[in-house]
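Undergrad: First the structure, which I've put down as structure tokens, then a few questions once you've had a look.
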Amino acid sequence: MSIHIGANQGDIADFVLLPGDPLRAKFIAENFLEDAVCYSEIRGMLGFTGTYDGKRVSVQGTGMGLPSHLIYVNELINDYGVKTLVRVGTCGGLQKDIDVRDVVMAISASTDSAILSRTFNGMTYAPTASFKLILKASQVAQTLGIKLKAGNILSSDVFYNDPELPDAYAIWSKYGSLAVEMESAGLFMIAAKNHVDAISLLTVSDHLLSGEHCSAEERQTAFVDMIRLALHLVE
Ligand code: HPA
């Protein structure tokens, strides 16, 4: 049993969806999976295993930010042998041609997180998603009629930037990062280290250039499209 997940061996599928919000994990389990069973409630960070289209799938909440996300992802990979990890979350748009409700697929994730600079001794690692999953998600999105925006994103440690500091996102936007969230760079780094596949699918819930926000209803519709896409990645 691992410290933070505490499930038994065999409780968790090889394929795991990773929402930050544990209640999103519950929503996905209840609305998309069959015969879903809750395998962890520790700290309210819910995890479920069920089936989708007859294939075994787990969904595990991870909390926000690299530190929390990496605790769950490390245990999933090292203690439960998970082989495919798909983050499903929200992000803030950083480009004019990214709109609220869009689904963004992160091919790579830049970061301001000290976890990476510390790990690589000040040198710059480029956290990258699994090419196999990038290809498959692109194909499935076409089949499902979901328009994907794909590219580099920013995984930031800071949600509330100090307004007195110069625009925290300007440099990332200038260099083409599509959107900001808070986890994917850690996920891609740890997946690469362990030779497993990872990708991030994100719906744009707010826009940091225009200030636009999704309504709760729009957010839900975009989220459902993204979950359908994510679940089609299971083999
Ligand atoms: N910043 C970081 N993560 C986010 C944001 C944001 O503005 N919006 C949704 N996820």
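The values are calculated or read from the model by the stated rules, or taken from the named source; none is laboratory data. Note that this is a predicted model, so its numbers are computed, not measured. Note that each Cβ is placed from the backbone with ideal geometry, even for glycine, and that neighbours are counted across all protein chains shown. All accessible areas refer to the heavy atoms of the entire protein, side chains included, with ligands and DNA or RNA removed. Shrake-Rupley method; radii C 1.70, N 1.55, O 1.52, S 1.80 Å.
Undergrad: Suppose R0 equals 35 Å. What FRET efficiency, 1/(1 + (r/R0)^6) with r the Cβ-Cβ distance, do Glu218 and Tyr125 give to the nearest 0.05? Before the final figure, lay out each step's value.
TA: On the way: r = 35 Å, r/R0 = 1.01.
For R0 = 35 Å, the calculated efficiency reads 0.50.
Undergrad: Keeping every protein chain present and rolling a 1.4 Å probe, give me the accessible area per residue for segment 1-96 in Å². Please list the in-between numbers first.
TA: Numbers: 4070 Å² over 96 residues.
Result: 42 Å² of accessible area for each residue.
Undergrad: Another question about this same structure. Output the relative contact order of segment 15-231, whole-number percent, from Cα pairs under 8 angstrom with separation of 6+ residues. Each step should come with its number before you reach the end.
TA: Numbers: 449 pairs, mean separation 58.8, N = 217.
Reported relative contact order: 27 percent.
Undergrad: Expected output is a single nm value to one decimal: the length gained when fully extending between Arg43 and Glu235, i.e. 0.36 nm times separation in residues minus the C-alpha distance. What is it?
TA: Numbers: separation 192, 0.36 × 192 = 69.12 nm, distance 3.05 nm.
Answer, rounded to one decimal: 66.1 nm.
Undergrad: Sorted by accessible area (1.4 Å probe), largest first, how do Tyr175, Tyr72, Tyr52 line up? Present the calculation step by step, with values, prior to reporting the outcome.
TA: Details: Tyr175 175, Tyr72 10, Tyr52 50 Å².
Order by accessible area, largest first: Tyr175, Tyr52, Tyr72.
Undergrad: Let me ask something else. Over segment 15-231, consider all pairs of different Cα atoms and compute the Kirkwood hydrodynamic radius from their mean reciprocal separation; express it in Å, one decimal. Walk me through the numbers before you get to the answer.
TA: Working: mean 1/r = 0.0577 Å⁻¹.
Roughly 17.3 Å, rounded to one decimal.
Undergrad: Considering the Cα positions of segment 19-146, please state its Rg to one decimal place and its Dmax as a whole number of Å.
TA: 16.1, 46
Undergrad: Compute the separation of the alpha-carbon centres of segment 1-41 and segment 214-235 and state it in Å as a whole number.
TA: The distance from the Cα centre of segment 1-41 to that of segment 214-235 comes to 17 Å.
Undergrad: Let's test the formula: R0 of 25 Å, r as the Cβ-Cβ distance of Leu23 and Thr51. What FRET efficiency results, to the nearest 0.05?
TA: 0.75
Undergrad: With a cap of 15 neighbouring Cβ atoms within 10 Å, and only residues DSSP puts in a loop, list the chymotrypsin sites (Phe, Trp or Tyr not before Pro) found in segment 86-170. Each step should come with its number before you reach the end.
TA: Details: sites: Phe120, Tyr125, Phe131, Phe159, Tyr160, Tyr169; in loops: Phe120, Tyr125, Phe159, Tyr160, Tyr169.
When the chymotrypsin sites (Phe, Trp or Tyr not before Pro) of segment 86-170 are filtered for loop state and at most 15 Cβ neighbours within 10 Å, Phe120, Tyr125, Phe159, Tyr160 remain.
Undergrad: Can you show me the helix-derived [θ] at 222 nm for the chain, built from DSSP H runs with n ≥ 4 at -39,500 (n - 2.57) apiece and divided by the number of residues, rounded to the nearest 500. The partial results should precede the final answer.
TA: Numbers: 7 runs with 76 residues, N = 235.
Calculated at 222 nm, the ellipticity per residue is -10000 deg cm²/dmol.
Undergrad: Give the calculated FRET efficiency between Asn31 and Leu135 to the nearest 0.05, with a Förster radius of 25 Å applied to their Cβ-Cβ distance.
TA: Values: r = 27 Å, r/R0 = 1.09.
E between Asn31 and Leu135, to the nearest 0.05, is 0.35.
Undergrad: Taking springs between alpha-carbon atoms closer than 10 angstrom, which of Asp162, Asp225, Asp197 fluctuates most in the Gaussian network model of the chain?
TA: Highest fluctuation of the listed residues: Asp162.
Undergrad: Can I ask one more? Top mean-square fluctuation among Leu144, Leu33, Leu187, Gaussian network model of the chain, C-alpha springs under 10 Å?
TA: Fluctuation is largest for Leu144.
Undergrad: Along segment 104-121, what does the Karplus equation 6.51 cos²θ - 1.76 cosθ + 1.60 (θ = phi - 60°) give for ³J(HN,Hα), rounded to whole Hz, x for Gly and Pro?
TA: Residue by residue, segment 104-121 yields 9, 9, 7, 7, 8, 9, 6, 7, 9, 6, 5, 4, 6, 5, 5, 4, 9, 6 Hz.
Undergrad: For the chain, what proportion of DSSP beta bridges, expressed in % and rounded to the nearest 5, is antiparallel?
TA: Working: 18 of 44 bridges.
The antiparallel proportion sits near 40 percent.
Undergrad: Still on this structure: Under 19 Å between C-alpha atoms is the cut-off here; go through segment 77-180 and count lysine pairs that meet it, provided they're at least eight residues apart or on different chains.
TA: Taking the Cα cut-off of 19 Å, the pair count is 10.
Undergrad: Quick one: with all protein chains in place, what share of the accessible area of segment 15-231 is carbon or sulfur, to the nearest percent (1.4 Å probe)? Before the final figure, lay out the partial values.
TA: Values: 5490 of 10240 Å².
That fraction is 54 percent.
Undergrad: Any idea of the accessible area per residue across segment 126-197, 1.4 Å probe, to the nearest Å²? Before the final figure, lay out each step's value.
TA: Working: 3990 Å² over 72 residues.
Solvent-accessible surface per residue comes out at 55 Å².
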